[in-house]
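Notes to accompany the following structure.
The values are calculated or read from the model by the stated rules, or taken from the named source; none is laboratory data. Owing to the predicted nature of the structure, the values given are computational and were not obtained by experimental measurement. Backbone-built Cβ (ideal geometry, glycine too); neighbour counts: all protein chains shown.
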Amino acid sequence: MYLRTAAALTFAAFATTAFAQGTEAPADAQLYFIGLEDGDTVSSPVIVRFGLSGMGVAPAGTEKEMTGHHHLLIDRAPLGQGEMGEEELTSALPSDDNHRHFGGGQTETSVELEPGAHTLQLVLGDANHVPHDPPVTSDQITVTVE
């Protein structure tokens with residue numbers, strides 16, 4: 001009984017470590033905004049279109065090589081530079097006002113933003129919302145809402 005329990009705990013620890021490392025991504029994968037550039041002045045709601053090359057889009061929970069789903073980071077530090085720092089690169093992204101999930105495989109959205117300057121960044125997450133390794137992100141851009 002003790003050996004089975006120890007083996008199960010060892011497997012669970014290994015699985016948790018493997019899960020937390022993110023799914024492998026090709027080094028040449030690119031994530032970018034379509035029709036929205038750093039410094040643009042826009043009106044709300046803001047239409048945000050997600051561009052991706054070198055990988056495909058699949059709904060959250062789909063474990064298929066070379067795929068992921070989109071996340072939009074709003075008004076926060078670039079991925080890996082926030083409160084959690086580099087730990088954020090190996091953890092599931094939260095879901096809140098600053099982290100929008102598109103787990104259905106969506107490739108665009110309409111976002112209501114208050115007037116003023118806002119930062120936006122796209123992040124591709126694996127089946128479990130963990131950034132890929134290496135992370136597939138867009139540059140962070142700043143847009144001003146009139």
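Listing for the model above:
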quantity	calculated
Residue among 88, 83 that is at pLDDT below 95, crowded, with 16+ Cβ neighbours inside 10 Å and of a type in the set (D, E, K, R)	88
Condition check for residue 100: out of contact with any Asp or Glu (no Cβ under 6 Å at 6 or more places or on another chain), outside any strand (DSSP E or B) and among the charged types (D, E, K, R)	no
Filter pass, residue 100 being of a type in the set (Lys, Arg), surrounded by 12 or more Cβ atoms within 10 Å (Cβ to Cβ) and within 14 Å of residue 137 (Cβ to Cβ)	no
Residues being aliphatic (A, V, I, L, M) and closer than 14 Å to residue 123 by Cα - total across region 42-57	4
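Quick grid of which residues meet (1) surrounded by 14 or more Cβ atoms within 10 Å (Cβ to Cβ); (2) touching a Leu at 6+ places or on another chain (Cβ under 7 Å); (3) free of Cβ contacts under 8 Å to residues at least 24 places away in the same chain; (4) over 17 Å from residue 23 (Cα atoms):
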residue: 94; (1), (2), (3), (4): no, no, yes, yes
residue: 110; (1), (2), (3), (4): no, no, no, yes
residue: 114; (1), (2), (3), (4): no, no, no, yes
residue: 119; (1), (2), (3), (4): yes, no, no, yes
residue: 124; (1), (2), (3), (4): yes, yes, no, no
residue: 131; (1), (2), (3), (4): yes, yes, no, no
residue: 136; (1), (2), (3), (4): yes, yes, no, no
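Listed here are the residues, each with its yes/no results for (1) in contact with a strand residue (DSSP E or B) (Cβ under 7 Å, 6 or more places away or on another chain); (2) polar (S, T, N, Q); (3) more than 20 Å from residue 26 (Cα to Cα).
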site	(1), (2), (3)
63	no, no, no
74	yes, no, yes
83	no, no, yes
88	no, no, no
91	no, yes, no
99	yes, no, yes
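To keep it simple, each residue is scored yes or no on (1) farther than 26 Å from residue 40 by Cα; (2) not in a loop (DSSP other than H, G, I, E, B).
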residue: 83; (1), (2): yes, no
residue: 106; (1), (2): no, no
residue: 114; (1), (2): no, no
residue: 124; (1), (2): no, yes
residue: 135; (1), (2): no, no
